[in-house]
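Participant: Let me begin by handing over the structure; questions about it come next.
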Amino acid sequence: MGGGRNHFTPFNATTNKAGRADGRDLLAELAAKGYTVAATKADMAAAPNNKKFIGLYSSKSHLEYELDRTATPPVGEGANQPSLAEMTVKAIDILSQNSNGYFLMVEGGRIDHALHGTNAKRALVDTIAFDNAIKAALDKIKATDPSFANTLIVVTADHDHTLAFNGYGKRGNPILDINRDYKTGLPSKDADGNTYTTLVFGNGPNRPALRASLDSAAVLDDNYKQETGVRLASETHGGGDVKLFALGAGSKPFKGSLDNTKVFGLLKSAFGF
């Protein structure tokens, strides 16, 4: 499930410039092979759980950001797109029909996209959507495997980004707002007397040649891009450690500081390979 319906259907110079050059309609081919093909949240909900399934909920490459999908009114095709949590639950409903068990991978892929654009607000809202998907999976599994004796859930990331905390902020100050001093509660100032945000990026597009003071209205806007230390067209991945969480059968080895390639081996072991 995801976006990218255009990559499964034929090229059209007017309506589908990113379409397939070979002229194949893979969605029609999948339907002919017995798949349920879903284009909307409603299609997904109505799909039987005992058939093969493909859900592509955007006619373009990506789903809408969660912030835009849930906006009033929703942006783009967001009104007809399911949440990551809803997709996760539907996937479990379908895959759990297999008496031999199943493997499911869920990615909050648009977190990465927003971070590359130095738009912390959309990145954080999509991170909450990912957290909601984890909770939905836990709740769903508990219904049939309360002790997780037959289920392993692993949550991690493949890399971090250059997003960092700035200054000595006041506890409870909105994370996306300008920084306010933890002692006085007043807006923090840089060496030139200008306010700044708590969240910044090490690199990215928004590096002004001359800084000016920022106000809450500007920095809390949905489209605000955090300032960066180095000017690049797009923010890069960072080199920091990422979290690794595991719960259930075979979860004990998923602890401590591990090289990322070891996670694959641990998953194989949990499967009995």
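The values are calculated or read from the model by the stated rules, or taken from the named source; none is laboratory data. Fair warning: this is a prediction, and the values are worked out from it, not measured in the lab. Using ideal geometry, Cβ is built from the backbone for each residue, glycine included, and neighbour counts are taken over all protein chains shown. Remember, those area values only see protein heavy atoms, side chains included, never the ligands or the DNA or RNA. Shrake-Rupley method; radii C 1.70, N 1.55, O 1.52, S 1.80 Å.
Participant: Mind telling me which of the residues Lys60, Lys51 ends up being of a type in the set (Lys, Arg) and either over 25 Å from Asn98 (Cβ atoms) or in a strand (DSSP E or B) (or both)?
Facilitator: Lys60
Participant: Select from the range 220-229 the residues that are in contact with a strand residue (DSSP E or B) (Cβ under 6 Å, 6 or more places away or on another chain) and either open to solvent by 60 Å² or more (accessible area, probe 1.4 Å) or more than 19 Å from Lys121 (Cβ to Cβ) (or both) and list them in ascending order.
Facilitator: Gly229
Participant: Of the numbered conditions (1) over 17 Å from Glu227 (Cβ atoms); (2) among the hydroxyl-bearing types (Ser, Thr, Tyr); (3) modelled with pLDDT of 95 or more, Ser99 fails exactly one; give the number of that condition.
Facilitator: Answer for Ser99: the failing condition is (3).
Participant: While we're here: Can you work out which of the residues in the range 235-254 that are under 23 Å from His113 (Cβ atoms) and among the charged types (D, E, K, R) is surrounded by the fewest Cβ atoms within 10 Å (Cβ to Cβ)?
Facilitator: Lys243
Participant: Just one of the numbered conditions (1) surrounded by fewer than 11 Cβ atoms within 10 Å (Cβ to Cβ); (2) in a loop (DSSP other than H, G, I, E, B) is not true of Ala217; which one?
Facilitator: Checking Ala217 against (1) surrounded by fewer than 11 Cβ atoms within 10 Å (Cβ to Cβ); (2) in a loop (DSSP other than H, G, I, E, B), the one that fails is (2).
Participant: From the set of residues in the range 138-152 that are out of contact with any helix residue (DSSP H, G or I) (no Cβ under 7 Å at 6 or more places or on another chain), closer than 16 Å to Ile92 by Cα and not acidic (Asp, Glu), which is most open to solvent (accessible area, probe 1.4 Å)?
Facilitator: Asn150
Participant: Being among the aliphatic types (A, V, I, L, M) and either under 22 Å from the mean Cα position of the chain (by Cα) or on the phi > 0 side of the Ramachandran plot (or both) is the filter here; which residues of the range 235-266 pass it?
Facilitator: Within the range 235-266, Val242, Leu244, Ala246, Leu247, Val263 meet the criteria.
Participant: Before we move on, is Lys189 among the charged types (D, E, K, R) and without any contact (Cβ under 8 Å) to a residue 12 or more places away in the chain? Spell out how you get there, then give the answer.
Facilitator: Details: among the charged types (D, E, K, R): yes; without any contact (Cβ under 8 Å) to a residue 12 or more places away in the chain: yes.
Taking the combined requirement at face value, the residue satisfies it.
Participant: Further, regarding this structure: Restricting to the range 83-116, count the residues that are farther than 15 Å from Ala129 by Cβ and open to solvent by 30 Å² or more (accessible area, probe 1.4 Å).
Facilitator: 13
Participant: Has the range 178-195 got any residue that is modelled with pLDDT of 95 or more, in contact with a helix residue (DSSP H, G or I) (Cβ under 8 Å, 6 or more places away or on another chain) and either loosely packed, with under 14 Cβ neighbours inside 10 Å or within 21 Å of Gly117 (Cα to Cα) (or both)?
Facilitator: yes
Participant: Exactly one of these conditions fails for Lys135: (1) closer than 21 Å to Ile54 by Cα; (2) open to solvent by 50 Å² or more (accessible area, probe 1.4 Å); (3) charged (D, E, K, R). Give me its number.
Facilitator: For Lys135, the exception is condition (1).
Participant: Same structure again: In the list Ala28, Ala71, Ala45, Ala85, which residue meets the criterion of being under 18 Å from the mean Cα position of the chain (by Cα) and assigned to a helix (DSSP H, G or I)? Full working, then the answer.
Facilitator: On the way: Ala28 fails: under 18 Å from the mean Cα position of the chain (by Cα); Ala71 fails: assigned to a helix (DSSP H, G or I); Ala45 fails: under 18 Å from the mean Cα position of the chain (by Cα).
None of the others qualify; the one that does is Ala85.
Participant: Could I ask something else about it? Sort out which residues of the range 200-214 are out of contact with any Phe, Trp or Tyr (no Cβ under 7 Å at 6 or more places or on another chain), surrounded by 11 or more Cβ atoms within 10 Å (Cβ to Cβ) and not small (Gly, Ala, Ser), and write them in order of number. Before the answer, list the steps.
Facilitator: We begin by selecting, within the range 200-214, every residue out of contact with any Phe, Trp or Tyr (no Cβ under 7 Å at 6 or more places or on another chain); these are 200-213.
Filter once more, keeping what is surrounded by 11 or more Cβ atoms within 10 Å (Cβ to Cβ): 200-207, 211, 213.
Scanning the range 200-214 gives Val200, Phe201, Asn203, Pro205, Asn206, Arg207, Arg211.
Table: residues versus (1) in contact with a Lys or Arg (Cβ under 8 Å, 6 or more places away or on another chain); (2) open to solvent by 70 Å² or more (accessible area, probe 1.4 Å).
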| position | (1), (2) |
| --- | --- |
| Asn6 | yes, no |
| Lys17 | no, yes |
| Asp25 | no, no |
| Ala28 | no, no |
| Gly34 | yes, no |
| Asp43 | no, no |
| Pro48 | no, no |
| Leu63 | yes, no |
| Gln81 | yes, no |
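Participant: Quick one: in the range 153-173, which of the residues that are open to solvent by less than 70 Å² (accessible area, probe 1.4 Å) and part of a loop (DSSP other than H, G, I, E, B) is farthest from Lys225 (Cα to Cα)?
Facilitator: The qualifying residue farthest from Lys225 (Cα to Cα) is Ala157.
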